[in-house]
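The values are calculated or read from the model by the stated rules, or taken from the named source; none is laboratory data. Here the structure is a predicted model, which means the values were calculated and not measured. Note: ideal-geometry Cβ built from the backbone for every residue, glycine included; neighbour counts use all protein chains shown. Surface areas here come from the heavy atoms of the whole protein model, side chains and all, with no ligands, DNA or RNA. Shrake-Rupley method; radii C 1.70, N 1.55, O 1.52, S 1.80 Å.
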Amino acid sequence: MSCSDRLAGLFLITACTFSDSLNAHGVHIYLDDQLDYELFSSGDQQPLNIAGATNMFVLSQVEDIVVHYVKSSRKRAIKSLQQSNVAACNINMIKNEQRKSDYYFSLPVNFYWAHKLYSHHDLSKAADSVLNAEGEITSLPALFDAYNKSAIVIAENFSYGDFLDKQLASISVGNLILRGGADHYQTVYRMFISNRVDFLLNYPAEFHRYSNNVDLPIRSYHIAGSPKVIIGHFMCNKTPTSKQFIATVNKILLNSYSGSAFLQAHLDYLPNEEHSLLKAYLEQYIKRNVHIKR
């Protein structure tokens, strides 16, 4: 055997050993939503929302890395991502400035109409004007200047995006109720709907999911200047396996953006009147921000 053959053989053995090492523990994906956990771990459930459908669409195509689904609160999941040497990821994560340097992020996996403020009050009748001419909340700090005895419930260890995170940070802690738990969407919804707080920030799709799409005597408002669409990503800790996993996910997404299945995973959970709006937004976003090899 020649020297070059021996070197080639040694390289192959080293590469295989490295690949086996990467996949020894696979990737742990932490899920704080019981329905998500049942969806991904059982393999025989049907998605109930955009996040479930889009994440399943991607994860069902991951073949070269073993994926383990772990039920966990978001607080414990974030702690695991920060401290574990094993590859670990959260899904449906907003890519904000604080997180960019600490984690690997995938390309966009899901697109949601952005958070709205849900209220038990008719804010057009507020003593101090808190709405602009378009009927939007001028700002959350201005709202709580007027409703300084009220509270808003928000999810613990959850980012609402840079714009709203900055506004929430300007609100007095006395007006903020933080809630964690196994399913923060459900937890904050129940606290609000039971009239234990006056205000809630939530995705319209998630609010309607937990209200069973029944119209309730609740008012909702956009917040002036906030993004119209929120984009969710896979967010992983910085390990070699995590990097490999993100590369695999991105390859799947790049091969899917121009197809119909990715779009349909969103449209199946939206009213018909919103289909053309989201389709147009997706097409424009991908055209401007994602380079797809054809």
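Note on segment 151-199: residues that are assigned to a strand (DSSP E or B), out of contact with any Asp or Glu (no Cβ under 7 Å at 6 or more places or on another chain) and surrounded by fewer than 18 Cβ atoms within 10 Å (Cβ to Cβ) amount to 1. Sub-8 Å Cβ pairs linking a first residue in segment 259-279 that is in the same structural domain as residue 57 (by the TED database) to a second residue that is of a type in the set (Lys, Arg) and open to solvent by 30 Å² or more (accessible area, probe 1.4 Å), at least 6 apart or interchain, are 263/279; 267/279, ordered by first then second residue.
The residue pairs whose first member lies in segment 71-87 and is open to solvent by 30 Å² or more (accessible area, probe 1.4 Å), whose second member is in a helix (DSSP H, G or I), and whose beta carbons are closer than 6 Å, counting only pairs six or more residues apart or on different chains, are 71/37.
Could you list, in sequence order, the residues of segment 94-146 that are among the acidic types (Asp, Glu) and either without any contact (Cβ under 8 Å) to a residue 60 or more places away in the chain or surrounded by 15 or more Cβ atoms within 10 Å (Cβ to Cβ) (or both)? Scanning segment 94-146 gives 128, 136, 145. For the condition touching a Pro at 6+ places or on another chain (Cβ under 8 Å) and of a type in the set (Val, Ile, Thr), residue 231 qualifies. With respect to the conditions (1) in a loop (DSSP other than H, G, I, E, B); (2) touching a strand residue (DSSP E or B) at 6+ places or on another chain (Cβ under 8 Å); (3) over 28 Å from residue 228 (Cβ atoms), residue 85 lacks only one, and its number is (2). Looking across segment 203-244, the residues that are open to solvent by less than 40 Å² (accessible area, probe 1.4 Å) and under 11 Å from residue 115 (Cβ atoms) come down to 203, 204, 205, 206, 207, 221, 223, 226, 229, 230. The helices (runs of 4 or more DSSP H) found entirely in segment 3-63 that carry 3 or more residues being at pLDDT 85 or above are 34-42, 50-59.
Considering (1) hydrophobic (A, V, I, L, M, F, W, C); (2) within 18 Å of residue 106 (Cα to Cα); (3) open to solvent by 60 Å² or more (accessible area, probe 1.4 Å), the lone condition that residue 262 does not fulfil carries the number (3).
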